[in-house]
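Here's the structure, in structure tokens; my notes come after.
Bear in mind these aren't lab numbers, they're just calculated from the coordinates by the rules spelled out. Just so we're clear, the structure is a prediction, and the values are computed from it rather than from any experiment. Cβ placement follows ideal geometry from the backbone for every residue including glycine, while neighbour counts extend to all protein chains displayed.
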Number of protein chains: 2
Amino acid sequence: MSVTPADPRALSLNTATVKVRWDLARMIDGCARHGIRGISPWRDKLAELGVGEAARRIRAAGLTVTGLCRGGMFPAADEAGRRAAIDDNRRAIDDAAELGAQCLVLVVGGMPAGSKDLAGARAQVRDGIAAVLPHARAAGVPLAIEPLHPMYAADRACVNTLGQALDLCDALDPGGAGVHARAAADGGAWAPAAVLGVALDVYHVWWDPDLDAQVARAGAARLHAFHVCDWLVPTRDLLEDRGMMGDGVIDLRRLRGLVEAAGYRGLHECEIFSSRDWWQRDPDEVLATMKARHAAHC
Amino acid sequence: MSVTPADPRALSLNTATVKVRWDLARMIDGCARHGIRGISPWRDKLAELGVGEAARRIRAAGLTVTGLCRGGMFPAADEAGRRAAIDDNRRAIDDAAELGAQCLVLVVGGMPAGSKDLAGARAQVRDGIAAVLPHARAAGVPLAIEPLHPMYAADRACVNTLGQALDLCDALDPGGAGVHARAAADGGAWAPAAVLGVALDVYHVWWDPDLDAQVARAGAARLHAFHVCDWLVPTRDLLEDRGMMGDGVIDLRRLRGLVEAAGYRGLHECEIFSSRDWWQRDPDEVLATMKARHAAHC
């Protein structure tokens with residue numbers, strides 16, 4: 001597959017990438033300063049400003065909200081825990097609606113502490129998503145299940161492949177009825193988003209031998225977000241050693257070609273957890289590097 | 001699925017578990033002393049004694065050789081590197097034959113340094129296995145492709161699911177013609193091993209949503225080895241932080257039930273990479289703990 005370089009207008013900043021040294025207000029200003037047109041806030045950053053003020057500032061800066069991170073974390077040891085998770089997800093859906101976010105990203109959760117029942121956790125995830133889906137539909141907020149790398153299956157997310165995520169989508173939202181049309185990188189509207197779809201982060205799925213087929217299966221209606229970073233060799237920490245695009249082994253341009261061939265026209269969100277490297281740097285350097293690497297490698 | 005505790009005669013020691021403080025001679029003596037009836041040496045340990053002497057001592061101790069670790073590492077940056085890997089695999093097959101090993105474990109290799117071509121590496125693996133298969137068949141040594149956890153896809157093994165490994169088996173060894181009958185945990189002979197099959201290590205596959213179906217698909221002829229340890233939460237290192245059975249989140253008894261339901265009657269090989277914990281302990285304590293945990297959790 002021959003793929004031309006990414007449209008520079010497609011870059012979006014996930015707030016995790018500069019979360020240590022900037023607050024949300026500075027991130028919004030930084031995006032404007034660097035000509036980055038999208039942002040995807042985590043809820044801890046949203047809490048700094050309050051969702052109403054955050055939404056006003058993001059709109060004023062002309063940024064597309066490519067997602068809100070995150071809902072999910074459904075499995076719990078008891079019924080009270082499960083109910084609390086569902087309530088929290090409904091609040092997250094409300095926040096996503098107020099922000100005009102293109103989706104609420106779901107990191108679905110792992111096994112409750114002490115449990116070895118992976119199938120049980122997966123059943124709790126299915127039931128949790130089913131419980132919040134009507135609220136998402138009513139609010140017009142697409143939910144994006146993010147399959148996480150299998151190394152997070154125990155404690156963060158027991159949905160670990162794109163195929164598994166799409167099986168959930170097909171079971172809970174058969175047919176993938178659209179919620180609303182989303183903004184495309186070039187400013188136009190694109191395909192309506194199914195109420196239930198996926199957030200595809202290259203870090204989590206690049207290794208999957210079934211990836212090409214599953215991206216095609218997802219199609220435009222289920223592809224709610226596309227996240228980029230890189231897989232470093234060696235990787236020194238399971239959580240906080242992601243690489244900047246180009247510093248690792250992922251063929252990013254090929255993967256972008258895959259999602260575009262499936263109909264994706266949305267932005268490319270850069271999300272880098274990097275406690276030893278990028279989190280330590282001047283965020284203006286990080287954003288400038290993101291832009292250059294996005295152009296060179298995505 | 002209700003599964004009775006494991007047959008204590010089924011435990012086998014993978015030499016990686018005590019590699020730091022014992023040489024192979026002491027491991028062989030240690031297995032005899034602890035009533036452990038199987039061993040699976042790595043080639044570095046084999047080199048200490050020479051394969052002939054190692055084979056004599058292992059036979060004298062009455063141990064079943066549940067595998068030789070390891071062949072594989074097929075992808076290389078150039079043709080000379082690929083040829084060297086194939087030659088090395090043929091030598092490993094000869095060593096496995098001399099040891100009477102039930103299989104040669106293949107850790108297939110990742111992408112050559114600097115490459116982002118995962119599909120190309122996978123094609124090199126397929127071609128490498130095809131190149132050594134006639135030698136394995138002639139020597140009567142089953143090859144066991146070990147699908148490694150996706151976190152090793154870049155640098156250790158680009159075969160990352162059981163389904164992917166079985167696709168390779170079916171492509172290169174259609175029908176799975178038998179090489180020889182293998183020893184069962186109870187001392188009897190069991191199903192003939194296909195020349196190409198898999199080594200199933202719970203650490204690498206426990207998270208896989210497709211695991212149950214793929215184990216059933218493998219069947220007795222393709223299940224060449226079953227490795228046990230545990231997945232710790234948190235896992236502090238990608239390579240050397242495996243847990244002793246019972247210390248993590250894997251439902252080991254369920255997984256043993258799965259392989260037995262598919263016809264597996266072989267031993268349970270304990271392979272623990274643990275630079276901070278088990279490798280620091282007295283190996284006699286490690287072996288005693290292995291036995292107790294195998295009985296309690298497998």
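Classify the range A:134-221 as rounded, prolate or oblate, taking a ≥ b ≥ c as the square roots of the eigenvalues of its Cα gyration tensor: rounded when a/c is under 1.5, otherwise prolate if a/b is larger than b/c and oblate if not.
On the way: a/c = 1.88, a/b = 1.47, b/c = 1.28.
Prolate shape, in that a/c is at least 1.5 and a/b is the bigger ratio.
Mind checking the mean number of beta-carbon atoms from other chains within 10 Å of the Cβ atoms in B:242-252? Can you show the working numbers first?
Details: counts 0, 0, 0, 0, 1, 0, 2, 11, 3, 5, 1.
What the average comes to for B:242-252 is 2.
Report the net charge of residues surrounding B:G176, where surrounding means a beta-carbon distance below 15 angstrom and charges are Lys +1, Arg +1, Asp -1, Glu -1. Walk me through the numbers on the way to the answer.
Values: positive: B:R137, B:R182, B:R217, B:R222; negative: B:D167, B:D170, B:D173.
Computed value for this residue: +1.
Could you give the C-alpha radius of gyration of the range B:27-71 expressed as a fraction of 2.2 N^0.38 Å, taking N as the number of residues it contains? The partial results should precede the final answer.
Working: Rg = 9.8 Å, N = 45, 2.2 N^0.38 = 9.3 Å.
Ratio of Cα Rg to 2.2 N^0.38 Å: 1.05.
Per-residue mean of other chain beta-carbon atoms within 10 angstrom of the beta-carbon, peptide B:148-154? Please list the in-between numbers first.
On the way: counts 0, 4, 11, 8, 3, 7, 10.
Whole-number average of other-chain Cβ neighbours for B:148-154 is 6.
Measuring label to label, 7 Å along Cα→Cβ, what does B:E53 give against each other copy in nm, shortest first?
7.6
With the Cα gyration tensor of the range A:8-297 in hand, give its eigenvalues times 5 under a square root as the equivalent ellipsoid semi-axes, listed largest first in whole angstrom.
26, 21, 20
How many nanometers, to one decimal and shortest first, lie between the label point of A:A216 and those of its other copies, if labels sit 7 Å from Cα toward Cβ?
Relative to the other copies, A:A216 has label-point distances of 2.7 nm.
From the label point of B:D277, set 7 Å along Cα to the beta carbon, how far off in nm is each other copy's matching point, shortest first?
2.9
Give me the one-decimal nm value for the distance between modelled label points at B:A123 and A:E53, 7 Å along each residue's Cα-to-Cβ direction.
5.7
For B:D7 and B:R33 in one chain, what is 0.36 nm times their gap in residues minus the Cα-Cα distance, to one decimal in nm? Don't jump to the answer; show the numbers that get you there.
Working: separation 26, 0.36 × 26 = 9.36 nm, distance 1.81 nm.
Going from the current span to full extension adds 7.5 nm.
For chain B, which DSSP H helices look membrane-span-like by this rule: Cα extent along the axis of 24 Å or more and mean Kyte-Doolittle of at least 1.6?
Working: long enough: B:79-99 (30 Å, -0.92); B:118-139 (31 Å, 0.40).
Helices passing the filter in chain B: none found.
Using the reciprocal of the averaged 1/r over all distinct C-alpha pairs, how large is the Kirkwood radius of the protein assembly as shown in Å? Please report the intermediate quantities before stating the final value.
Numbers: mean 1/r = 0.0397 Å⁻¹.
Taking the inverse mean of 1/r over all distinct Cα pairs, the protein assembly as shown comes out at 25.2 Å.
Considering only the other residues whose Cβ falls under 11 Å of the Cβ of A:R293, what net charge follows from Lys and Arg at +1 and Asp and Glu at -1?
Numbers: positive: A:K291; negative: A:D230, A:D247.
It works out to a net charge of -1.
In the calculated pair distance distribution of the range A:122-271, what percentage of Cα-Cα distances lie above 18 Å? Intermediate values should be presented prior to the final figure.
Numbers: 6283 of 11175 pairs.
When every Cα pair of the range A:122-271 is considered, 56 percent fall beyond 18 Å.
Given a Förster distance of 51 Å, report the FRET efficiency between A:L239 and B:A138 from their Cβ-Cβ distance, rounded to the nearest 0.05.
Details: r = 47 Å, r/R0 = 0.93.
With R0 = 51 Å, the Cβ-Cβ based efficiency is 0.60.
Under a Cβ-Cβ cut-off of 12 Å, what is the net charge of the residues other than B:L162 that fall near it, where Lys and Arg count +1 and Asp and Glu count -1?
Spelling it out: positives minus negatives among the neighbours equals -4.
How big is the range B:74-140 in terms of Cα radius of gyration and Dmax, in angstroms?
Expressed in Å, the Cα Rg and Dmax of the range B:74-140 come to 12.6, 38.
Pop the C-beta distance of B:A292 and B:D23 into the FRET formula with R0 = 25 Å and round what comes out to the nearest 0.05.
Numbers: r = 25 Å, r/R0 = 0.98.
Between B:A292 and B:D23 the formula returns 0.55.
Treating the beta-carbon of each Lys and Arg as +1 and of each Asp and Glu as -1, no other charges, what is the dipole magnitude of chain B about its Cα centre, to the nearest 20 debye? Intermediate results must be reported in sequence, preceding the final value.
On the way: 34 positive and 38 negative charges, 114 e Å.
For this selection, approximately 540 debye.
Please give the length that would be gained between B:D210 and B:A80 if that part of the chain were fully extended, namely 0.36 nm times their separation in residues minus their C-alpha to C-alpha distance (nm, one decimal). Display every interim value, and only then the final one.
Values: separation 130, 0.36 × 130 = 46.80 nm, distance 3.73 nm.
My answer for the length gained is 43.1 nm.
Please report the relative contact order for chain A, taking Cα pairs under 8 Å with a sequence separation of at least 6, and give it as a percent rounded to a whole number. Walk me through the numbers on the way to the answer.
Numbers: 639 pairs, mean separation 61.3, N = 298.
Relative contact order of chain A: 21 percent.
DSSP beta bridges in chain B, what fraction antiparallel, as a percent rounded to 5?
Details: 5 of 32 bridges.
Taking every DSSP beta bridge with both residues in chain B, the antiparallel ones total about 15 percent.
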